[in-house]
1. Can you confirm whether residue 119 is surrounded by fewer than 21 Cβ atoms within 10 Å (Cβ to Cβ) and in contact (Cβ under 8 Å) with a residue 24 or more places away in the chain?
2. Residues that are modelled with pLDDT of 75 or more, at least 3 per element: which helices (runs of 4 or more DSSP H) completely within the stretch 307-401 meet that?
3. Out of curiosity, is residue 35 assigned by TED's automatic domain parsing to the domain that holds residue 117, touching a helix residue (DSSP H, G or I) at 6+ places or on another chain (Cβ under 9 Å) and under 29 Å from residue 416 (Cα atoms)?
4. Which count do you get for residues in the stretch 103-131 that are in a strand (DSSP E or B) and more than 21 Å from residue 212 (Cα to Cα)?
5. Any residue in the stretch 133-145 that is out of contact with any Leu (no Cβ under 9 Å at 6 or more places or on another chain) and of a type in the set (Phe, Trp, Tyr)?
6. Considering only the stretch 124-164, how many residues are free of Cβ contacts under 8 Å to residues at least 40 places away in the same chain and under 24 Å from the mean Cα position of the chain (by Cα)?
7. Filter the stretch 143-163 down to the residues that are in a loop (DSSP other than H, G, I, E, B) and in contact with a Gly (Cβ under 7 Å, 6 or more places away or on another chain) and list them by number.
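The values are calculated or read from the model by the stated rules, or taken from the named source; none is laboratory data. Please read all numbers here as calculations on a predicted model, not as lab measurements. Don't worry about glycine lacking a Cβ; one is built from the backbone with ideal geometry, like all the others, and counts go over all protein chains shown.
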Amino acid sequence: MPLWKIAFRSIQFRSLSSILTAFSMSLGVALIVTVIVIHGVLSDSFNKSAQGYDLIISGKGSSLDVVLSTVFYLRPPVGNVPEHYLKMFRRGQYSHIIEEAIPVTIGHHFRGATIVGVPPEFFTKLKYMGDRSYTFADGENIKDGNDVFTAVVGSRASQRAGLKIGDTFKPELAQDADCGEEHKPFKVVGVLNPTGTPNDNAVFVHIEGFYDMHESHDLHGHHEVHGEQHGEHEKHAEQHEHAEHHEHEQHDHKNTDKKYSAILLMTKQNAVRPEGMTVDPNSPDFNPSNVLNERTYVNIDAMNLPNLLDQTTDVQAVKPIEEIAKLLSSVIGNIQMVLIFLAVLIVIVAGIGMMVSIYNSMSERRQEIAIMRALGARRLTVMAIILLESILLSLGGGVLGLLFGHLLIGGMGPWISEYTGIIVRSWNFQWMEIILIPGLIILASVVGFLPAAVAYKQDVATSLAP
């Protein structure tokens, strides 16, 4: 009979203690699997959430806050970016290294979903999760045209806010929901398919509608404040002056640069200024404050653009992939290590419990081992049987732990998706799970060595004596 069958029969003979030992081992393995898989899926999603663009242009401030605001919609925008920078990236002195420049504005909410102002090319030019294109579960993309008060809703935001095609809504300030009553309503024209990114939890409105909404609101607000500052006796006397002032303010507002929360850049790698290309100081898009000198401009490429902007302008260029990597390594990575350390301790304690269980059974198995020896079994054979018993218990607990872990991941998936917008499924797998198998075999060999050594040294004559 093969040795592993003898070991398995021994486990069956002590089925209750064997099941409890394997179950305690499975709990630790399940926790390790859960931590590894969820961390892996979150890390992969975080890293790929911003792969549709290379740089984020924003106001000066914390680079991490820029990413948390622009990519994950978890923070308020960091400063503003004037519109002339968008023109500069599209047609100005940096256009030769920029493939796409897409502005975004972030502000207001609707039933817990962040309102994001974007142009239509946000969904046609950008990718997510590496090379995937945005698709619509229903409806279509927002379009440029006369009616800019249109919106596209993320899959999760559609469910949470109860928005579907044809519905209208008014954006709300987080501090004062009633402010939404001052705004013209937006009409939902599209609902995105799930992406597994934070965009699932956002509501995207046409960027021109976003600004028209604020322009009308600002002018209305100015009129009310101005009216409150005059007494009843002064209203008629200054009516003409107020009208002129109001018209002047409106004219200035329309001629002032729009201010974006950020500009998303897709760069042309290794692109440099074409030979013979000159900087035209008379161009309406030329901004001398953004160029150190002619020599600096000649050497601009996608790699040194962030440093140049940081040194010569009032904006900054943030690389989202680098900031996300720092976040994962400094914060989330440390949390993962703590959880894995605790899970490994549970597995070690379960291993020690298994060793104690097998060791205590040795007194009951003295005659069994002695008979095997009397029938010709060598000491190493008996020792191998005990080690195989330990390994089989560990592997059984490991397989059960893998099953429990993935079932737990499936149960936590909806909750994780609700709060992060990241889809985690029970069948998600990480290559690190493979390491558990040899790890459990090593642990079983270590904890099974003591009982096996006792069996190896056992004297046949003494064990068979009445």
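1. So residue 119 passes the test.
2. Helices (runs of 4 or more DSSP H) meeting the threshold: 320-327, 333-361.
3. No.
4. Looking only at that region, the number is 1.
5. No, because not a single residue in the stretch 133-145 is out of contact with any Leu (no Cβ under 9 Å at 6 or more places or on another chain) and of a type in the set (Phe, Trp, Tyr).
6. Adding up the residues that qualify gives 5.
7. 148, 149
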